[in-house]
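One structure is given here, and the rest of the page talks about it.
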Amino acid sequence: MKKLVLLLVAATTLVACDNGIGENLDALTARLAEINAELTAATSDVQVSVDQITLDIEAALAVAEQAEEDLEDAISIIDEINEDLDAALLAIQSAATAEELLEILDDIKDLQELIEYLEDYGDLDYDGIRNAVDKCPDTEPGVEVDIYGCPIGD
């Protein structure tokens, strides 16, 4: 009898425990389903974010590559400008100073005076009469001329 009572108490306890465990398992299963749904939604949002970040990074890389090409072009242009500036500086350094230019102008004036002298006292048509007094400055070579530089007989 003791065994029977113990068996009945054990069976009742088991049935009572089983009813509570079943309800708790159903609640846990429902909660796990909710958590799973939340995780799936969160994972989907994360995947969308990761995809967008990937697209943003690819776009940024493309912009950076274009900027690098533009920078290389700009550096090339700057190098050309520097070469032109170096050439200009060399030209400026080898150019005459103001004093040298004044000396050159003086030399040019002296040459102009010499040219004017040669025009006046020279004989461009080689007839033996200075240009300043030659009345016929275009006499043919070898023609005999008078004291005015004109062919004799004119």
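The values are calculated or read from the model by the stated rules, or taken from the named source; none is laboratory data. What you are looking at is a predicted structure, and each value in this text was computed from that prediction instead of being measured. All Cβ positions, glycine included, derive from the backbone under ideal geometry; neighbour counts span all protein chains shown. For the accessible areas, the whole protein counts, side chains as well, though only heavy atoms, and no ligand, DNA or RNA atoms are used. Shrake-Rupley method; radii C 1.70, N 1.55, O 1.52, S 1.80 Å.
No other residue among I92, I129, I152 is surrounded by fewer than 10 Cβ atoms within 10 Å (Cβ to Cβ) and touching a strand residue (DSSP E or B) at 6+ places or on another chain (Cβ under 9 Å) apart from I152. For the residues E100, E116, E83, the requirement of being at pLDDT 90 or above, out of contact with any Gly (no Cβ under 9 Å at 6 or more places or on another chain) and surrounded by 10 or more Cβ atoms within 10 Å (Cβ to Cβ) singles out E83.
For beta carbons closer than 8 Å, sequence separation of 6+ or different chains, a first residue in the range 87-116 that is of a type in the set (G, A, S) and a second that is part of a helix (DSSP H, G or I) and open to solvent by less than 100 Å² (accessible area, probe 1.4 Å), the qualifying pairs are A96/I104.
Within the range 44-65, the set of residues being among the polar types (S, T, N, Q) and open to solvent by less than 90 Å² (accessible area, probe 1.4 Å) comprises S44, S49, T54.
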